[in-house]
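The values are calculated or read from the model by the stated rules, or taken from the named source; none is laboratory data. All figures in this text were calculated on a predicted structure; none of them were measured in a lab. As a convention, Cβ positions derive from the backbone with ideal geometry for all residues, glycine included, and neighbour counts pool all protein chains shown. Remember, those area values only see protein heavy atoms, side chains included, never the ligands or the DNA or RNA. Shrake-Rupley method; radii C 1.70, N 1.55, O 1.52, S 1.80 Å.
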Amino acid sequence: KHARISQDDPAADPINTDDIDMPCPDSIGAMETYSERDRIVKLGCSTVMQVAGKYRMQDSVTTYHPDGDLNPVFRYSRDLIAMWNIRFGYYLLEQQYVVGKKICRDTDNVSAPNIVKPMMWKSVVLEYFKSLVDRGIIVDFDFSKASLVVGISTTNPNRLDTSFSTKLSGIARISSTQNIVGFNFG
């Protein structure tokens, strides 16, 4: 089920999906409480709830759980899928627009085919950021845009250097609401 969700929508998470193929016992024991599920997740184990006699996925996690890391980037399977999608999409763009091209400076006036200039590649990557935001994989386009640096290597004329930062979108796993009640005195 997780594979199908990841394939169809890499920004999605299998949270609150039922596992219809897995026999469910009468009780899931300690996992019935949030505090126990939270403890189990922090140990690197996935969790479920029992709803209408079926397992309902709550947290699909990896075994990555370093001590002291409150929000480890490799904890949730969904986050890995999102990061892999970012990397693979970027790789495909590199193959199309960078690899095997002649590297030219932004200020060069070049009429030859099959060239890449830092500004050309930067515009491709910026469009990629927009598509990632549109697909719900990352957030804060302006943050990624501000972090994007593209240039010709200062030590290797055959290398185009690119660096950037992104912020993965979150998944609402916990909801917090505050209700302030007052009275109507006439």
Exposure of Arg159 as accessible area (Å², to 10), given a probe of 1.4 Å and all protein chains:
100 Å²
Treat each spin label as a single point 7 Å out from the Cα along the C-beta direction, and report the Asn184 to Ile20 distance in nm.
4.6 nm
For the chain, what does the accessible surface come to per residue with a 1.4 Å probe? Please give it in Å².
66 Å²
In what order, largest first, do Cys45, Cys104 sit by accessible area if the probe radius is 1.4 Å?
Cys45, Cys104
What distance in nm lies between label points placed 7 Å from Cα along the C-beta direction at Leu92 and Asp140?
2.7 nm
Does the range 1-85 come out rounded, prolate or oblate by the C-alpha gyration tensor, with a ≥ b ≥ c the root eigenvalues, rounded set by a/c under 1.5 and, if not, prolate when a/b is larger than b/c and oblate if not?
oblate
Can you give the FRET efficiency to the nearest 0.05 for Ile171 and Val99, using r as the Cβ-Cβ distance and R₀ = 30 Å?
0.30
Within the accessible area of the chain (1.4 Å probe), percent carbon and sulfur
54 percent
Modelled label-to-label distance, Gln7 and Ser153, 7 Å Cα→beta-carbon offset: nm?
3.8 nm
Ordering Val149, Val61, Val139, Val181 from largest to smallest accessible area (1.4 angstrom probe), what's the sequence?
Val181, Val149, Val139, Val61
List the lysines whose alpha-carbon lies under 30 Å from that of Lys102, not counting same-chain residues fewer than 8 positions away?
Lys117, Lys122, Lys130, Lys145
Projected-area mean, the chain, by convex hull of Cα positions, square nanometres:
19.1 nm²
At a probe radius of 1.4 Å, what is the per-residue accessible area of Ser163, in Å² to the nearest 10?
60 Å²
Among the chymotrypsin sites (Phe, Trp or Tyr not before Pro) within the range 16-69, which fall in a DSSP loop and have no more than 15 other Cβ atoms within 10 Å of their own Cβ?
Tyr64
Calculate the FRET efficiency for Val73 and Ala112 from the Cβ-Cβ distance with a Förster distance of 41 Å, rounded to the nearest 0.05.
0.45
Reported to the nearest 10 Å², Met57 has, with a 1.4 Å probe, an accessible area equal to 50 Å²
